Amino acid sequence: MRKPRHLSPEERDLWDSVAGRMKPLDPKRPKTPEPAAPPKKAAPRERDIIQDFMVGAKADPKRPNDVLKPVGARLQSAPVNMDAKNYGRMTKGKLKPEGRLDLHGMTLSEAHPELVAFILGAQAVGKRLVLVITGKGKERDEGYAIPVRNGILRHQVPQWLALPPMAQAILQVTPAHLKHGGHGAYYVYLRRSR
């Protein structure tokens with residue numbers, strides 16, 4: 001960066017003579033502007049507060065490394081939109097699914113239309129609880145610079161279920177109980193068809 005150039009004495013005299021002949025646009029306004037008050041900063045949110053790094057300091061083991069919570073945790077923390085008693089029975093595996101769709105081995109382009117047809121068809125015939133099996137995904141390291149989550153269908157299916165045309169048919173989505181597939185499957189509780 002260049003060093004700032006200061007005015008020479010001749011330039012300063014010229015500037016002062018020009019500035020002395022000028023008339024202010026608003027005569028009521030003072031000639032020297034008052035310094036503006038610094039803008040008030042909003043109180044920092046809890047997640048915006050980052051502690052200063054000190055060389056030799058230990059890392060906080062409680063701090064999560066993943067920016068996005070796992071799918072199961074996000075679904076379990078979602079608000080309950082259905083009857084609380086049935087929700088409790090469903091999450092404990094006591095409600096029997098009335099239909100099931102197994103997406104094992106399908107690609108994203110194959111699985112999406114199957115899922116749409118299954119969900120809308122199940123609602124049309126009056127089913128309330130269905131099971132969508134995605135699988136847990138393979139452990140793999142493709143050597144990419146950006147890490148890839150295991151189980152692409154397991155992560156994609158809840159997002160598809162939250163979008164039209166399926167969103168209007170669904171009341172609740174939760175991870176399945178262990179006896180119905182655990183983290184590799186989802187319970188989808190459907191609305192009554194009208």
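Placing pseudo-labels 7 Å out from each Cα toward the beta carbon at Ser8 and Gln76 gives an inter-label distance of 7.7 nm.
Between Ala19 and Lys136, residue separation times 0.36 nm minus the direct Cα-Cα distance comes to 34.5 nm.
Residue ranges 3-11, 175-183, 159-167 sort as 175-183, 159-167, 3-11 when ordered by packing (mean number of other C-beta atoms within 10 Å per residue, highest first).
Ranking of Leu171, Leu115 by solvent-accessible surface, largest first: Leu171, Leu115 (1.4 Å probe, protein heavy atoms only, all chains present). For Lys138, Lys62, the ranking by accessible surface with the largest value first comes to Lys62, Lys138, using a 1.4 Å probe.
The values are calculated or read from the model by the stated rules, or taken from the named source; none is laboratory data. Since we're looking at a predicted model, the values are computed, not measured. Don't worry about glycine lacking a Cβ; one is built from the backbone with ideal geometry, like all the others, and counts go over all protein chains shown. To get the accessible areas, we keep the full protein, side chains included, count just its heavy atoms, and leave off ligands, DNA and RNA. Shrake-Rupley method; radii C 1.70, N 1.55, O 1.52, S 1.80 Å.
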